[in-house]
Amino acid sequence: MLVAAAVCPCPPLLVPAVASGAAPELDAARDACADAVGLLAASRPDLLVVVGPADQTARGPHPQGAPGSFAPFGVDLDVRLGRAPAEPDGNARELPPSLAVGAWLLERSGWSDAPVEGLGVGEPLEAARCADAGRSLGGRADRVALLVMGDGSACRTLKAPGYLDERATAFDAGVASALGAADTRALLELDAELAQELKAAGRAPWQVLAGAAEGAGLAGRLLYEDAPYGVGYFVAVWS
């Protein structure tokens, strides 16, 4: 059963070495993420699953110890998903950027409690299948926690990656409200087509969370909401 979840944004810029001189601009987001990961540790899960958007090559499960790298972003920095297993899987695929950021957050927190696995979710995955994936995750252990990586719209300003779209503010406000209230129905009702048009990479992972949380009776709390660089970022905790 799902006992706790943390929702965090997944831009590689969250990693100070990638952001370089712009790193202080996301300090508040990093602090909120640290608090959220701390809540996951306090929930004492038997299993932690990091969920995030992934392209076709990185979709599906990623085992504990799977490697990730920020080399594509010009930084010589490698991460692993949780502790390296006693017998590393030499065939493990590299983590998608979203899960690499999640792995970095866990390493930064000194995570050493529960086993950690990853799940890369394709952004086009429809809501019903996202929810089914979440229900499956929730049944993986007696006490399951999720670290859910995903960004809101990328269309909040003229300089945003997706340029300005007047629908973006309302979309992100709805996401923030749903995450803050642990409103699984509202998350499952997010419009996938609109999310894609607004380049909101978190839609599918949030709907996985909604499926996992059905019937768990968790309460939500929004720790951070902002749109630096014109992209909606949220940090929330469910417990």
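Worth pointing out:
- For the peptides 198-210, 5-17, residues were scored by their other Cβ atoms within 10 Å and the scores averaged per peptide; the highest-first order is 198-210, 5-17.
- Overall form of the stretch 2-81 per C-alpha gyration tensor (a/c, 1.5; a/b vs b/c): oblate
- Whether the stretch 112-155 is rounded, prolate or oblate, judged on the alpha carbon gyration tensor where a/c under 1.5 counts as rounded: oblate
- Carbon + sulfur, % of accessible area of the stretch 148-239 - ligands and nucleic acids excluded, 1.4 Å: 48 percent
- Extended-chain gain in nm, criterion 0.36 nm per residue less alpha-carbon gap, Ala181 and Ala128: 17.0 nm
- In the context of the full set of protein chains, residues of the chain present 43 Å² of accessible surface per residue (probe radius 1.4 Å, heavy atoms only).
- For percent of Cα pairs over 34 Å apart, calculated from these coordinates, the label among [x] 22; [y] 28; [z] 7: [z]
- Within the chain: Cβ-based charge dipole about Cα centre, in debye rounded to nearest 20 (Lys, Arg +1; Asp, Glu -1): 280 debye
- In range of the label at Ala34: residues from the stretch 1-27 whose backbone nitrogen is under 19 Å from the point 7 Å along Cα→Cβ: 6-27
- Most mobile of Gly21, Gly118, Gly110 in a GNM of the chain (Cα contacts under 10 Å): Gly21
- Among Ser43, Ser20, Ser69: highest mean-square fluctuation, GNM of the chain, C-alpha pairs under 10 Å: Ser20
- Taking the Cα centre of the stretch 89-194 as origin and assigning +1 to Lys and Arg Cβ atoms and -1 to Asp and Glu Cβ atoms, the resulting dipole is close to 160 debye.
- In the chain, helical runs assigned H by DSSP with n ≥ 4 each contribute -39500 (n - 2.57); averaged across all residues and rounded to the nearest 500, the mean residue ellipticity at 222 nm is -10000 deg cm²/dmol.
- Chain lengthening between Asp76 and Ala22 when straightened (0.36 nm per residue, less Cα-Cα): 17.7 nm
- Part-to-part distance (alpha-carbon centres) for the stretch 187-231 and the stretch 9-69, which is given in Å: 16 Å
- Largest GNM mean-square fluctuation across Pro96, Pro53, Pro124, computed for the chain with C-alpha springs under 10 Å, falls on Pro124.
- Counting only Cβ charges, +1 for Lys and Arg and -1 for Asp and Glu, the dipole size of the stretch 144-199 around its Cα centre is about 200 debye.
- Three-way shape label, the stretch 1-139, alpha-carbon gyration tensor, a/c 1.5: rounded
The values are calculated or read from the model by the stated rules, or taken from the named source; none is laboratory data. Note that the coordinates shown come from a computational prediction; the quantities given were computed from them, not determined experimentally. All Cβ positions, even for glycine, are placed from backbone atoms using ideal geometry, and neighbour counts span all protein chains on display. The area values use the complete protein model at the heavy-atom level, side chains included, leaving out ligands, DNA and RNA. Shrake-Rupley method; radii C 1.70, N 1.55, O 1.52, S 1.80 Å.
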